[in-house]
Amino acid sequence: MRYSGLKVITEGLFGNKGWKPAWREPSPKAEYDMVIIGGGGHGLSTAYYLARNHGITNVAVLEKGYLGGGNVGRNTTIVRANYFLPGNSEFYSHSLKLWEGLESELNYNVMHSQRGLINLFHSDGQRDAFVRRGNAMINQGDDAILLDREGVREHLPYLDFDNTRFPIYGGLLHPRGGSARHDAVAWGYARGADRRGVDLIQNCEVTGIDIEGGVVKGVQTTRGVIRAKKVGIVVAGRSSQVAAMAGMRLPIESHILQAFVTEGLKPVINHVVSFGMGHFYISQSDKGGLVFGGDLDFYASYAARGNLPMVEHVMEAGMTLMPMIGRAKVLRSWGGIMDMSPDGSPVIDRTHVEGLYLNCGWNYGGFKAVPASGWCMAHLMATGEPHEVARKFRLDRFSTGHLLDEEGTGSQHNLH
Amino acid sequence: MRLTCPLCGERDRREFYYYGAEDYLHRPSEGAPLAEWDNYLHLRDNPAGVTKDLWYHEAGCSQWLLVTRNTVTHESSAVELVAERKA
Ligand SMILES: Cc1cc2nc3c(=O)[nH]c(=O)nc-3n(C[C@H](O)[C@H](O)[C@H](O)COP(=O)(O)OP(=O)(O)OC[C@H]3O[C@@H](n4cnc5c(N)ncnc54)[C@H](O)[C@@H]3O)c2cc1C
Ligand SMILES: [Zn+2]
């Protein structure tokens with residue numbers, strides 16, 4: 001069923017009786033050409049682009065819970081292409097271009113809103129670093145505008161410009177940056193993949209990976225054995241457990257990242273604002289809630305909830321930056337399990353097992369990557385070769401020293 | 001989360017700095033093959049369950065601690081001083 005404005009109106013006139021489920025609920029077949037483990041954003045977009053770009057439709061996505069129940073439905077939805085290092089820069093640039101056409105591509109309203117992202121800086125040294133980053137973005141073909149203090153004041157008059165600990169020197173504006181509706185992205189890709197013939201199988205946990213003579217043969221699941229010629233591991237925070245089923249030890253440590261949302265307010269924050277010195281960032285959802293977050297809880301954890309010290313820290317940072325939000329009531333807070341890599345950058349690569357591919361290490365920045373990650377993972381699985389814009393996301397880069405340490409913080413999983 | 005330091009007693013999580021998995025205690029010898037360094041620096045078991053990791057009692061006694069804890073429940077079951085461990 002194609003969605004359109006006309007459809008909404010006619011359905012409204014006739015009691016909304018004509019809507020159909022957005023995807024089927026198939027039982028798993030005994031065998032597929034390709035199996036994707038994990039029905040998050042990256043697994044669903046991989047399946048979608050396998051069908052769309054490569055005509056491979058005998059594909060199943062196996063999800064242990066429900067589609068979109070992982071990080072793809074728990075994140076704060078910032079979409080941007082402001083990366084600096086070659087390897088990251090072209091990948092996120094490609095992703096942002098896919099975002100810009102995503103709604104018509106999927107015939108689904110993912111509420112992608114390019115409201116502009118402003119990264120604040122508070123010292124001369126930080127300004128220099130942001131000028132450099134802005135130039136890298138422009139060289140990549142994306143957009144960046146350096147704002148001085150008065151320039152920031154024009155956009156964000158409500159910030160505390162009298163703060164003496166972190167005086168606002170200016171900001172880097174990325175006009176094409178913004179946000180999107182996280183669930184809708186998962187649902188849109190799910191529906192798109194389903195319509196092209198992909199089987200989306202929920203409540204199906206992969207418990208083993210079958211390998212014979214170094215070649216992948218299929219997977220063991222809670223809904224039986226499923227054979228496959230190729231298998232992709234796309235399970236974000238659970239990457240270490242699933243890769244261990246194939247005898248691998250990954251350069252990943254799982255950490256908790258928390259986020260918060262307030263009650264709905266009238267429009268007040270028009271941009272996405274990030275205050276790196278305070279480990280704080282914020283935007284306002286279309287429903288009116290202020291959506292904000294901070295840093296990791298900083299220790300390895302699989303509990304999908306965080307600790308109070310980080311709650312306190314994030315609230316303090318928010319109050320430091322914009323005291324006006326002090327009266328807003330926080331409705332909810334939650335945590336997601338982040339697959340942290342030692343350099344803060346992801347992996348999209350082959351493994352030592354033939355036909356087994358790995359997509360992981362998205363840290364806390366994998367939402368914006370959903371379109372390009374699926375695009376590149378599908379390319380890798382279909383052709384056996386890495387896609388041009390993802391060729392540096394190699395699994396062996398840690399042992400060879402070709403790190404992609406965007407923040408320059410060193411080889412430690414919790415420092416990115 | 002609270003951790004019980006063998007010297008200072010039960011303290012708030014904020015007093016401690018988390019470094020990483022127990023792997024950091026097994027530093028390869030000079031000239032060890034690259035694979036060993038990769039193991040030491042990057043590769044992790046990353047269990048969902050009981051793990052051992054290193055914490056520094058930064059706002060307390062300044063000791064390095066080896067903590068046995070559960071990554072799913074945040075319960076810690078044992079805390080040892082790294083300095084008193086037999087190699
Ligand atoms: C609080 C928070 C804020 C964030 N903010 C941003 C942001 O502003 N911008 C941004 O770009 N990124 C952000 N991120 C990061 C982003 O959400 C993740 O990097 C990204 O969603 C991870 O990829 P995914 O969507 O495929 O993961 P998930 O949605 O977690 O998908 C993985 C799926 O695999 C399934 N799975 C696991 N094990 C198995 C198994 N054995 N068998 C079958 N299925 C299995 C899981 O159930 C899960 O559904 C944030 C994350 C969090 C938690
Ligand atoms: Zn102590």
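The values are calculated or read from the model by the stated rules, or taken from the named source; none is laboratory data. Here the structure is a predicted model, which is why all the values come from computation and not from measurement. Here the Cβ positions follow ideal geometry from the backbone for every residue, glycine too, while neighbour counts run over all protein chains shown. SASA here: full protein model, heavy atoms, side chains in, ligands and nucleic acids out. Shrake-Rupley method; radii C 1.70, N 1.55, O 1.52, S 1.80 Å.
Could you identify the single residue in A:Gly355, A:Gly365 that is assigned by TED's automatic domain parsing to the domain that holds A:Gly218, more than 7 Å from ligand 1 (Cβ to nearest atom) and not acidic (Asp, Glu)? Before you say what the answer is, go through the steps one by one.
Working: A:Gly365 fails: more than 7 Å from ligand 1 (Cβ to nearest atom).
Residue meeting the stated conditions: A:Gly355.
Is at least one residue of the range A:202-215 assigned to a loop (DSSP other than H, G, I, E, B), in contact with a strand residue (DSSP E or B) (Cβ under 7 Å, 6 or more places away or on another chain) and in the same structural domain as A:Ala304 (by TED's automatic domain parsing)? Let's see the steps before the verdict.
Step one: filter the range A:202-215 for residues assigned to a loop (DSSP other than H, G, I, E, B), giving A:202-205, A:213-214.
Subset that is in contact with a strand residue (DSSP E or B) (Cβ under 7 Å, 6 or more places away or on another chain): A:204-205, A:214.
Of the ones still in play, those that are also in the same structural domain as A:Ala304 (by TED's automatic domain parsing) are none.
The answer is no, given that none of the residues of the range A:202-215 is assigned to a loop (DSSP other than H, G, I, E, B), in contact with a strand residue (DSSP E or B) (Cβ under 7 Å, 6 or more places away or on another chain) and in the same structural domain as A:Ala304 (by TED's automatic domain parsing).
Of the residues B:Trp55, B:Trp64, B:Trp37, only one is closer than 21 Å to A:Ala243 by Cα and either away from ligand 1 (no atom under 16 Å from the Cβ) or touching a Lys or Arg at 6+ places or on another chain (Cβ under 9 Å) (or both); which?
Just a single option satisfies the conditions, and that option is B:Trp37.
Which count do you get for residues in the range B:60-79 that are more than 9 Å from ligand 2 (Cβ to nearest atom), loosely packed, with under 15 Cβ neighbours inside 10 Å and closer than 18 Å to B:Gly9 by Cβ?
Count: 3.
Could you list, in sequence order, the residues of the range B:35-81 that are within 8 Å of chain A (Cβ to nearest Cβ) and touching a residue at least 60 places away in the same chain (Cβ under 8 Å)?
Within the range B:35-81, just B:His74 meets the criteria.
Can we say A:His279 is within 27 Å of A:Gln412 (Cα to Cα), within 14 Å of chain B (Cβ to nearest Cβ), open to solvent by 30 Å² or more (accessible area, probe 1.4 Å) and not hydroxyl-bearing (Ser, Thr, Tyr)?
Working: within 27 Å of A:Gln412 (Cα to Cα): yes; within 14 Å of chain B (Cβ to nearest Cβ): no; open to solvent by 30 Å² or more (accessible area, probe 1.4 Å): yes; not hydroxyl-bearing (Ser, Thr, Tyr): yes.
It is false that A:His279 is within 27 Å of A:Gln412 (Cα to Cα), within 14 Å of chain B (Cβ to nearest Cβ), open to solvent by 30 Å² or more (accessible area, probe 1.4 Å) and not hydroxyl-bearing (Ser, Thr, Tyr).
When the residues of the range A:314-356 are filtered to those that are surrounded by fewer than 17 Cβ atoms within 10 Å (Cβ to Cβ) and in a helix (DSSP H, G or I), which remaining residue is nearest to the other protein chains (Cβ to nearest Cβ)?
A:Glu316
Of the residues in the range B:7-41, how many are open to solvent by 60 Å² or more (accessible area, probe 1.4 Å), within 16 Å of ligand 2 (Cβ to nearest atom) and more than 14 Å from the chain's Cα centre (by Cα)?
4
Could you figure out which of (1) open to solvent by 20 Å² or more (accessible area, probe 1.4 Å); (2) under 22 Å from the mean Cα position of the chain (by Cα); (3) not assigned by TED's automatic domain parsing to the domain that holds A:Ile211 isn't true of A:Pro309?
Checking A:Pro309 against (1) open to solvent by 20 Å² or more (accessible area, probe 1.4 Å); (2) under 22 Å from the mean Cα position of the chain (by Cα); (3) not assigned by TED's automatic domain parsing to the domain that holds A:Ile211, the one that fails is (2).
Among A:Arg132, A:Arg176, A:Arg191, which is the only one that is buried (at least 17 other Cβ atoms within 10 Å of the Cβ), outside any loop (DSSP other than H, G, I, E, B) and basic (Lys, Arg)?
Unique residue meeting the criteria: A:Arg191.
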